[in-house]
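Here's the structure we're looking at; comments come further down.
The values are calculated or read from the model by the stated rules, or taken from the named source; none is laboratory data. Remember, predicted model here, so these are calculated numbers, not experimental data. With ideal geometry, Cβ positions are generated from the backbone for all residues, glycine too; neighbour counts draw on all protein chains shown.
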Ligand code: KG4
Ligand code: ZN
């Protein structure tokens, strides 16, 4: 089945064409460079950019996939969570295409999309090795979310825990700002800086590992950011980056390990923007071996290919009842079933 997928939840405009779970094209236009100056997304600006990019991005995705609209069997669109103005552009665009070309539409939760980035079997002609078996333990680490869920079947999802304050990606971004590395998306820069760190002084920086031993699956990263703020002046940027990154990875690993021991999943999927982090990948692979699946690095950030893959596995939700499909900025992974 040929699927068209649309993702416009924040500051990326993306359209992808898939044949089942194989990605034929995945075009992403981003306005994130505009928000380095403002130190964060300006929702009004992001939604205007979505409007500007959506048609050329669709055209490019169809051309690259060598598919015409009348060949499509299904459309998948991100309905939330995200910024209302940005979401509305993609949702209404998808509804128009569905109505004009009589193609059924599947609403996709952006967070489910991130998880299904791990289910993609082929990317632009390259096979992707991912031997996924249920039950799955999913750790989602992005700019806005840090969630652990247990997936028994495609539609049976139990929420185990999540962040009580800042998300892991948000913590990376805020620490990058404190360290003067970046004003907006600093995760990759912290990661790069931490590689420069060689050896601690006699008394090296030691940051807390928030909630690492707590009797739940919750996370908290806001105090870690404050600890950085209170101590960073006495250490090199490389040392702070290294210790901060290690703290986040330690906490994410420990909580995932705890859930692994209790729920005994056959596969672990780690996805979302922060899952591009190489220390996180290496540490998880060392402990879980080939039981842990990471998306291709270029599919960790926001993209429509993951939304299309989720739409393939959620195809029974497809509908022509377009009144029922609306943008919902407050969707989460809680209370799904
Ligand atoms: O999934 P994503 O693209 O957008 C959301 O849905 O939030 O995640 C973006 C987040 C940002 O906070 C960014 O700094 C972080 O992912 N990120 C990283 C890395 N690459 C992106 N964090 C740590 N290490 C990285 N290599
Ligand atoms: Zn995302």
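If you scan the stretch 260-275, which residues turn out to be within 22 Å of the chain's Cα centre (by Cα) and surrounded by fewer than 21 Cβ atoms within 10 Å (Cβ to Cβ)?
Hits for the stretch 260-275 are 260, 266, 267.
How many of the residues in the stretch 227-255 are more than 14 Å from residue 209 (Cβ to Cβ) and either without any contact (Cβ under 8 Å) to a residue 40 or more places away in the chain or within 16 Å of ligand 1 (Cβ to nearest atom) (or both)?
Within the stretch 227-255, residues that are more than 14 Å from residue 209 (Cβ to Cβ) and either without any contact (Cβ under 8 Å) to a residue 40 or more places away in the chain or within 16 Å of ligand 1 (Cβ to nearest atom) (or both) number 11.
Look at the stretch 118-129 and say how many of its residues are over 26 Å from residue 171 (Cα atoms) and either touching a helix residue (DSSP H, G or I) at 6+ places or on another chain (Cβ under 6 Å) or not in a loop (DSSP other than H, G, I, E, B) (or both).
Counting residues in the stretch 118-129 that are over 26 Å from residue 171 (Cα atoms) and either touching a helix residue (DSSP H, G or I) at 6+ places or on another chain (Cβ under 6 Å) or not in a loop (DSSP other than H, G, I, E, B) (or both) gives 6.
Looking at 214, 168, can you tell me which residue is at pLDDT 95 or above and either within 26 Å of residue 305 (Cβ to Cβ) or within 13 Å of ligand 1 (Cβ to nearest atom) (or both)?
After ruling out the rest, the residue left standing is 168.
With the requirement that a residue be over 17 Å from the mean Cα position of the chain (by Cα) and surrounded by fewer than 21 Cβ atoms within 10 Å (Cβ to Cβ), what does the stretch 26-46 give you?
Matches in the stretch 26-46: 33, 34, 35, 36, 37, 38, 39, 40, 42, 43, 44, 45.
Answer yes if at least one residue in the stretch 225-233 is within 16 Å of residue 169 (Cβ to Cβ), in a helix (DSSP H, G or I), away from ligand 2 (no atom under 16 Å from the Cβ) and at pLDDT 95 or above, and no otherwise.
Checking the stretch 225-233: at least one residue is within 16 Å of residue 169 (Cβ to Cβ), in a helix (DSSP H, G or I), away from ligand 2 (no atom under 16 Å from the Cβ) and at pLDDT 95 or above.
Condition check ((1) surrounded by fewer than 21 Cβ atoms within 10 Å (Cβ to Cβ); (2) within 16 Å of ligand 1 (Cβ to nearest atom); (3) without any contact (Cβ under 8 Å) to a residue 60 or more places away in the chain) across all residues:
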| residue | (1), (2), (3) |
| --- | --- |
| 104 | yes, no, no |
| 117 | no, yes, no |
| 121 | yes, no, no |
| 131 | yes, no, no |
| 156 | yes, no, no |
| 173 | no, yes, yes |
| 186 | no, yes, yes |
| 191 | yes, yes, no |
| 203 | yes, no, yes |
